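Enquirer: The following block contains the structure, expressed as structure tokens.
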Protein chains: 2
Amino acid sequence: MEKRIKTDKMVLKELATGRKSTRKFSNTKIDISHVLYAIESALQAPSGSNKQPWKFVLIDEPQLKAKIRGAAESGERVFYESLEGEKKGWYQSRGLSWNKPFFDEAPLLIVIFGDSLAPNYKASIWLMIGYLLLALEERGLNSLTYTPSDPKKISSVLEPPTNYVLEAIIPIGYSAEIEKPKQSRKSLYDTIFINEWGNL
Amino acid sequence: MEKRIKTDKMVLKELATGRKSTRKFSNTKIDISHVLYAIESALQAPSGSNKQPWKFVLIDEPQLKAKIRGAAESGERVFYESLEGEKKGWYQSRGLSWNKPFFDEAPLLIVIFGDSLAPNYKASIWLMIGYLLLALEERGLNSLTYTPSDPKKISSVLEPPTNYVLEAIIPIGYSAEIEKPKQSRKSLYDTIFINEWGNL
């Protein structure tokens with residue numbers, strides 16, 4: 001049962017290349033059907049033993065968003081205070097700090113939890129997030145992949161069962177950023193080896 | 001700078017839904033340009049501090065594939081011998097065992113390494129693999145996401161620098177499996193909550 005080449009189109013590459021992380025969102029509302037489309041696409045991802053170890057908490061309630069922001073920033077303060085030298089410079093040069101207004105500004109937050117009892121749950125969750133980001137991009141929605149410095153602090157706001165670990169928060173909306181180029185990416189030449197480590 | 005809705009098409013969902021894991025590959029050769037397209041797409045993924053902590057070792061040399069298979073199966077034997085009860089039944093019912101002929105049969109293996117010195121490298125690697133799988137699907141190539149039971153054993157065949165961790169092996173080719181339905185997936189109703197844990 002061989003599959004034929006379906007297409008020489010480059011929809012996937014176009015979506016992948018077009019997507020940029022967004023940290024500043026406008027107050028334009030979003031059509032939830034696009035978000036459900038993206039999650040439905042992501043639910044098709046493979047996972048360890050097909051356990052599909054994911055839960056999505058959609059948050060649009062302003063007071064709850066503010067609580068999530070407070071918990072996240074409290075973890076970020078500790079992280080940013082710990083930074084030194086080159087690493088500190090990297091964050092500063094990008095204007096990043098503990099301050100995370102996007103939690104309030106984005107019309108929707110998707111909080112993603114992984115079931116730590118499932119085999120390879122972390123790998124499964126993040127592969128699925130790859131699907132999710134591309135599906136959001138296809139529908140023209142901007143997003144950020146936020147990985148908390150202190151997931152437990154934020155998680156406690158939502159009180160999941162103890163086996164569920166907060167892996168990521170994806171703020172979603174429309175960008176209010178001034179158009180800027182995508183951060184640079186490595187090329188095939190920098191990343192591929194053939195039949196042995198380091199031959200290129 | 002708001003983005004417009006680009007499309008109501010469902011290319012992403014179609015790709016996501018169409019992709020099934022393949023464990024039996026035909027001996028049909030593959031056009032490497034499709035694989036490079038998929039990796040180029042995956043290289044566009046976001047990563048922790050944009051470190052892009054990935055290396056891809058492409059393996060098509062039969063003797064090297066056999067070595068990888070040997071190392072993988074040696075780890076799998078230990079894993080399968082450890083299985084008990086319900087978990088053992090799950091693997092048996094799917095005809096899975098320590099025996100992994102796909103390492104020899106697939107015309108190409110992509111061995112994916114993550115730089116453990118990069119922040120959130122594991123999350124970054126697996127998000128990128130989500131991009132990779134969808135791009136392979138777009139080009140009609142079948143794949144499997146193989147997560148080794150004993151990554152170090154396989155890694156030692158390729159001798160990467162010590163900070164590089166083997167995260168996954170993706171065998172690629174055309175399926176020789178008899179057409180079978182995709183394993184079931186959970187629905188939105190099973191996975192989404194709104195503004196609190198457990199309200200659906």
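The values are calculated or read from the model by the stated rules, or taken from the named source; none is laboratory data. In this text, all values refer to a predicted model and were calculated from it rather than measured experimentally. So basically every Cβ, Gly included, is an ideal-geometry build from the backbone, and we count neighbours across all protein chains shown. Calculation scope for accessible area: heavy atoms of the full protein, side chains included, ligands and nucleic acids excluded. Shrake-Rupley method; radii C 1.70, N 1.55, O 1.52, S 1.80 Å.
Enquirer: Tell me: how much accessible area in total is hidden between B and A, 1.4 Å probe, Å², nearest 100?
Expert: In total, this chain pair buries about 8000 Å².
Enquirer: Using a 7 Å offset from the Cα along the Cα-to-Cβ direction at both A:Lys51 and A:Lys87, what is the distance between the two label points in nm, to one decimal?
Expert: 3.0 nm
Enquirer: Can you list, shortest first in nanometers, how far A:Glu81 lies from the same residue in the other copies, with each label 7 Å from Cα toward Cβ?
Expert: Result for A:Glu81, in nm, nearest copy first: 5.1.
Enquirer: Let me ask you something else. At A:Asp190, label 7 Å along Cα→Cβ: distances to the other copies, nm, ascending?
Expert: Distances between equivalent label points, in nm: 4.0.
Enquirer: Placing one identical point scatterer on every Cα of chain B and ignoring solvent, what is log10 I(q)/I(0) from the Debye formula at q = 0.14, 0.18 Å⁻¹?
Expert: Taking Cα atoms of chain B as identical point scatterers yields -0.97, -1.42.
Enquirer: Just list whichever of B:Lys20/B:Lys100; A:Lys13/B:Lys13; A:Lys13/A:Lys87; A:Lys87/B:Lys55 have alpha carbons separated by over 26 Å in the model shown.
Expert: Correct reply: A:Lys13/A:Lys87.
Enquirer: Applying 1/(1 + (r/R0)^6) with R0 = 45 Å to the Cβ-Cβ distance of A:Arg77 and B:Ile178, what FRET efficiency is obtained, to the nearest 0.05?
Expert: Computed FRET efficiency for A:Arg77 and B:Ile178: 0.20.
Enquirer: Further question: How big, in percent, is the set of alpha carbon pairs in the protein assembly as shown lying more than 33 Å apart?
Expert: Pairs farther apart than 33 Å: 30 percent.
Enquirer: Let me ask you something else. Calculate the FRET efficiency for B:Thr147 and A:Thr28 from the Cβ-Cβ distance with a Förster distance of 30 Å, rounded to the nearest 0.05.
Expert: Once the sixth-power term is evaluated, E becomes 0.15.
Enquirer: Now for a separate question. Based only on Cα atoms, what mean projected area does the convex hull of region A:86-200 have, in nm²?
Expert: Across all orientations, region A:86-200 yields a mean hull projection of 10.7 nm².
Enquirer: Calculate the all-directions average of the projected area of region B:20-78's alpha-carbon convex hull, and give it in nm².
Expert: Dividing the Cα hull surface by four gives the mean projection, 6.3 nm².
Enquirer: OK, next. For the rotation that superimposes chain A on chain B, which residue of A has the C-beta lying nearest to the axis, and at what distance in Å?
Expert: Per the A/B rotation axis, the closest residue of A reads A:Gly130, 1.
Enquirer: Which order do peptides B:35-41, A:148-154, B:83-89 fall in by mean Cβ count within 10 Å, highest first?
Expert: The most tightly packed comes first, giving B:35-41, A:148-154, B:83-89.
Enquirer: To the nearest µm²/s, what D does Stokes-Einstein give for region A:125-184 at 20 °C and 1.002 mPa s, using the Kirkwood radius over alpha carbon pairs as Rh?
Expert: 158 µm²/s
Enquirer: Oh, and also: Can you list the copy-to-copy distances for A:Glu179, using a point 7 angstrom from Cα toward Cβ, in nanometres, shortest first?
Expert: 4.6
Enquirer: Express the C-alpha Rg of region A:97-147 as a ratio against the empirical globular expectation 2.2 N^0.38 Å, rounded to two decimals.
Expert: 1.33
Enquirer: Multiplying the sequence separation of A:Ser21 and A:Leu36 by 0.36 nm and subtracting their Cα-Cα distance, what value in nm do you get?
Expert: 3.4 nm
Enquirer: Before I look further, what does chain B give for accessible area per residue, probe 1.4 Å, in whole square angstrom?
Expert: 45 Å²
Enquirer: Now a separate question. Which residues of region B:103-122 end up with at least 10 Å² less accessible area in the presence of all protein chains than when their chain stands alone, using a 1.4 Å probe?
Expert: B:Pro119, B:Asn120, B:Lys122
Enquirer: Quick one: pull the percent of accessible area on region A:58-200 belonging to carbon and sulfur, 1.4 Å probe, ligands and nucleic acids left out.
Expert: Within region A:58-200, the accessible surface is 51 percent carbon and sulfur.
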